Amino acid sequence: MPSMPQRTMPVHARRLIRSMLAAAVVAAGLFALPPALAQQDGRPATPRELHERRQEAQEIQRRAKEAFSERDFERAERLFRRQAELDTAGFVPRYNLAVTLASLGRPDEGAEMLAEAIGRGFLDRRQLEGDPSLGAIRETELYAEIVENWDRIIEAHAEGVEQHLRRKYRPGYTVKRDDDLRIIIASAFHPIATEQAVEEMRRLADWGVREIFTDLAEDDNDPFVAVVLPTERDFAIWAMERYGPQAVAGEFQRIGGAYSNDEKKLVSMDIGSTFRHEFFHVLHWRSNDRLGQRHPVWIQEGLCSLVEDIDEGPGGTITPTPSWRTNILKRRLSAAGLPTIAELANMPRQHFTGRAPLANYAHARAIFLYLHERGELGAFYADYIDRYDEDRSGVASIERVLDADIEQIDRDFKNWLRTLPDVAEVRDGRIRGLQASIGVEVDPGEGEGPVVGRSVSRQARNAGLRPRDVIVSIDGSPTRDLSEFVRRLGDYHPGRRISLGVRRRDEMMELPVVLSPAR
Ligand SMILES: [Zn+2]
């Protein structure tokens with residue numbers, strides 16, 4: 001059907017459009033609000049204060065939910081309003097307030113609050129249309145406008161995010177919108193590193209949608225996601241606001257990145273394994289949101305850890321490989337033993353991420369590596385989302401695609417695990433398991449890839465290496481962070497001549513390097 005020229009639009013539709021426009025404009029205005037409005041005594045709040053405020057808001061939310069579940073809606077309203085004052089940018093208190101107002105028999109106020117929640121990034125259409133607790137709000141005119149206007153709201157959000165990123169991150173950042181990936185990237189990294197990150201997302205998205213998230217193959221106007229590759233300083237500020245002082249304390253335990261689906265924001269301090277992990281969360285959450293499902297933590301973290309360590313083949317093929325995570329799991333298996341797959345699959349989130357998180361991540365990843373090696377990864381996901389209501393743990397789907405009971409699969413899985421090679425890795429700040437060396441010290445760098453250290457041997461200098469060179473590949477295979485560099489170098493013996501891909505400021509080069517024995 002040809003699109004209808006505006007002039008001939010029926011009068012009532014035009015009136016509706018005008019008021020819809022108003023809603024969309026309001027939404028755009030709200031989307032453009034900076035997140036840290038928070039000021040105290042006229043001065044900007046410090047990251048630590050923002051973190052404390054976040055925690056206080058969480059505590060109030062806990063009490064508000066309690067009041068709500070006791071059906072004390074007046075008290076719940078007061079508490080959610082207090083939470084909304086502390087959390088000026090968040091949609092959660094506003095959405096909950098809308099629900100509370102609906103319960104208090106004030107649907108028009110509830111609808112306005114719902115619009116405020118949308119203006120702050122509540123963009124889950126399935127929940128909007130499916131949540132029974134919105135009640136009479138669905139009878140309001142404003143609600144009808146919101147639903148009819150959904151595509152405009154998504155667009156207003158994207159524009160708001162872009163404006164916000166341009167305002168918040170400057171100078172030294174580039175901000176770019178990508179309509180295929182449905183992301184807006186703000187990067188403080190070198191343009192070449194930024195381009196590598198975008199290509200990586202494209203490759204992961206192509207492969208992920210082809211092999212796993214086939215439900216994403218059709219375009220469905222998913223909300224845009226902000227992808228931030230920050231300076232070290234901005235990263236520290238972000239981590240402090242979000243996680244508090246412990247996030248930036250220990251050098252080896254610090255957080256490398258995160259994706260928040262509520263905020264539609266990915267932050268990563270590298271373009272390697274952390275970045276891939278977090279970007280896969282973006283795809284997985286898109287799938288979850290479209291399906292109206294919430295997959296358990298082992299599936300979330302297992303799938304996203306799977307793409308941390310990969311080999312790339314022709315035609316966009318991606319092969320997840322053994323890694324430092326399988327090393328951890330093998331050590332764990334021979335020392336303390338492992339929980340069963342069924343135990344892991346039924347582990348509550350707090351337990352999964354609280355007790356022995358590294359082992360649990362490694363375990364979940366290895367299960368998906370096992371499924372992938374058997375060619376059943378896509379089949380598992382398809383079966384799982386199909387029968388989500390029957391078995392949310394995923395155990396039944398593993399049994400179906402591998403055609404055995406879970407006890408047998410558990411035994412086979414452990415035997416397979418024992419056969420995996422030990423992978424060269426960085427552990428406790430030291431490089432382990434390498435036989436060969438490129439003859440220079442290599443530093444983790446600042447997120448754009450591993451970096452040649454300050455002192456360069458004569459042999460390496462003759463090969464063309466210089467201090468601060470960023471190592472981008474070995475024999476054409478990308479080395480986007482130190483751990484990837486070490487894993488790839490682990491496949492080589494001394495005496496081999498390799499081609500080392502290097503970026504020196506704006507220049508890309510391939511240097512032939514003869515490997516020496518590792519000390
Ligand atoms: Zn994760």
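The table below lists the values:
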| read-out | value |
| --- | --- |
| Selection within the range 343-354 - more than 21 Å from the chain's Cα centre (by Cα) and open to solvent by 30 Å² or more (accessible area, probe 1.4 Å) | GLU343, ASN346 |
| When residues of the range 474-519 are limited to those that are of a type in the set (Ser, Thr, Tyr) and open to solvent by 10 Å² or more (accessible area, probe 1.4 Å), the one farthest from the chain's Cα centre (by Cα) | SER516 |
| Cross-chain or 6+ apart pairs with Cβ under 6 Å, the range 269-285 first and without any contact (Cβ under 8 Å) to a residue 24 or more places away in the chain, then within 11 Å of the ligand (Cβ to nearest atom) and open to solvent by 10 Å² or more (accessible area, probe 1.4 Å) | HIS281/TYR259 |
| So SER133, is it open to solvent by 30 Å² or more (accessible area, probe 1.4 Å) and touching a helix residue (DSSP H, G or I) at 6+ places or on another chain (Cβ under 7 Å) | yes |
| The range 391-406, residues that are free of Cβ contacts under 8 Å to residues at least 40 places away in the same chain and assigned to a helix (DSSP H, G or I) | ALA396, SER397, GLU399, ARG400, VAL401, LEU402 |
| Members of the range 452-465 found to be surrounded by fewer than 21 Cβ atoms within 10 Å (Cβ to Cβ) and under 22 Å from GLU232 (Cβ atoms), listed by number | GLY453, ARG454 |
| Selected residue [of a type in the set (D, E, K, R), away from the ligand (no atom under 15 Å from the Cβ) and modelled with pLDDT of 95 or more] from ARG325, ARG365, ARG355, ARG331 | ARG331 |
| Any hit, the range 419-426, residues being part of a loop (DSSP other than H, G, I, E, B) and under 14 Å from PHE485 (Cβ atoms) | yes |
| Positions within the range 290-315 being open to solvent by less than 30 Å² (accessible area, probe 1.4 Å) and part of a helix (DSSP H, G or I), in sequence order | VAL297, TRP298, ILE299, GLN300, GLU301, GLY302, LEU303, CYS304, SER305, LEU306 |
| Residue in the range 160-175 that is aromatic (Phe, Trp, Tyr) and open to solvent by 30 Å² or more (accessible area, probe 1.4 Å) present | yes |
| Residues of the range 262-314 classified as of a type in the set (Ser, Thr, Tyr) and more than 12 Å from the ligand (Cβ to nearest atom), total | 1 |
| Count of the range 397-419 residues which are within 24 Å of PHE213 (Cβ to Cβ) and surrounded by fewer than 16 Cβ atoms within 10 Å (Cβ to Cβ) | 1 |
| The range 363-390 - residue that is among the small types (Gly, Ala, Ser) and free of Cβ contacts under 8 Å to residues at least 40 places away in the same chain and, of those, surrounded by the most Cβ atoms within 10 Å (Cβ to Cβ) | ALA379 |
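Here's the yes/no breakdown for (1) among the hydrophobic types (A, V, I, L, M, F, W, C); (2) open to solvent by 50 Å² or more (accessible area, probe 1.4 Å); (3) not assigned by TED's automatic domain parsing to the domain that holds LYS265:
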| site | (1), (2), (3) |
| --- | --- |
| GLN58 | no, yes, yes |
| PHE73 | yes, no, yes |
| LEU79 | yes, no, yes |
| LEU86 | yes, no, yes |
| PRO107 | no, no, yes |
| ALA115 | yes, no, yes |
| ARG126 | no, yes, yes |
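The values are calculated or read from the model by the stated rules, or taken from the named source; none is laboratory data. Everything numeric here is computed off the predicted structure, so don't read it as measured data. Quick reminder, even Gly has a Cβ in these numbers, built from the backbone with ideal geometry, and neighbours come from all protein chains shown. Side chains are part of the model used for accessible areas, which takes the heavy atoms of the whole protein and leaves out ligands, DNA and RNA. Shrake-Rupley method; radii C 1.70, N 1.55, O 1.52, S 1.80 Å.
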